[in-house]
Amino acid sequence: MANRTVKDAHSIHGTNPQYLIEKIIRTRIYESKYWKEECFGLTAELVVDKAMELKYIGGVYGGNIKPSPFLCLTLKMLQIQPEKDIIVEFIKNEDFKYVRLLGALYMRLTGSAIDCYKYLEPLYNDYRKVKRQKRDGDFELIHVDEFMDELLHEERVCDIILPRLQKRYVLEEAEMLDARVSALEEDMDDVDTSEDEDEDDDKGDRVPSPEPPRRGYRDLDRPRRSPSPRYRRSRSKTPRRRSRSPKRRSPSPRRERHRSKSPRRHRSRSRDRRHRSRSKSPGHHRSHRHRSHSKSPERSKKSHKKSRRGNE
């Protein structure tokens, strides 16, 4: 009798409200000490007092699957099925954060998609820390807004499989739900306006810098003029042109040394000197001329006349 749902309870999602929790976990809750001692004979008004005593949230823990008090009170609320106004007051309670989380979980299990988005999304602005018991019995710190995000997007929370929730954009397209307005948008707007004002002040304080001289427009179709000779002369004096001009190679010292040491070159030079000294004498000049030009008679005559004049 103590584990049965109340007679006037309504079916939720087409089934008994207690069946939203799996049978194995539900059986463990019925056998737990907290359920037998603290949850026996509770009504909707007395559940509030028990919820205020909660120190952490969680599902089952330990090797033998022990349920947490938070999970036991959740099953008790599904059993007695309190009115919607009481659940809304649970959610709006700002003094006791675990009471708020208990009401949010019950609303997610039993409420419609519109009610879940309407009542749970405002809790994104609650950044208080809460303790959660893990499966191994240890505790971790999370925030209220993290828990709300898990309720709206995860499939399993506190070892309870959550009912399927319709997507928000579908409700917005059907005009059943207004677009969500984040509380951070107002802060972002204030930041943007302050930045714009600072930029305007900076622009007013800045001195306008003089514009750089613009280059003249040059017609590309017009043929270029050939540079003037003066311009050529000036360009030829630039060091770049000098570097480009081919350099005359100075004879290497090795070659000069080789030339001075070669006997053939030395002999030919001594022969040329002897030949020049002999050509200066008239007799030798005549015989030389006669030998060199003996083949052509005209040249021999001319050379003969010249030698004659030289003797006179």
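Applying the set (1) open to solvent by less than 30 Å² (accessible area, probe 1.4 Å); (2) of a type in the set (F, W, Y); (3) touching a Lys or Arg at 6+ places or on another chain (Cβ under 8 Å) to Y106 leaves exactly one unmet item: (3). Restricting region 122-151 to residues that are touching a residue at least 24 places away in the same chain (Cβ under 8 Å) and aromatic (F, W, Y) leaves a set whose member that is surrounded by the most Cβ atoms within 10 Å (Cβ to Cβ) is F147. For the structure I just gave you, tell me whether I114 is aliphatic (A, V, I, L, M), in a helix (DSSP H, G or I) and open to solvent by 20 Å² or more (accessible area, probe 1.4 Å). Taking the combined requirement at face value, the residue satisfies it.
The values are calculated or read from the model by the stated rules, or taken from the named source; none is laboratory data. Because the structure is a prediction, the values reported are computed rather than measured. All Cβ positions, even for glycine, are placed from backbone atoms using ideal geometry, and neighbour counts span all protein chains on display. What goes into the accessible areas is simple: the full protein's heavy atoms, side chains included, and nothing from ligands, DNA or RNA. Shrake-Rupley method; radii C 1.70, N 1.55, O 1.52, S 1.80 Å.
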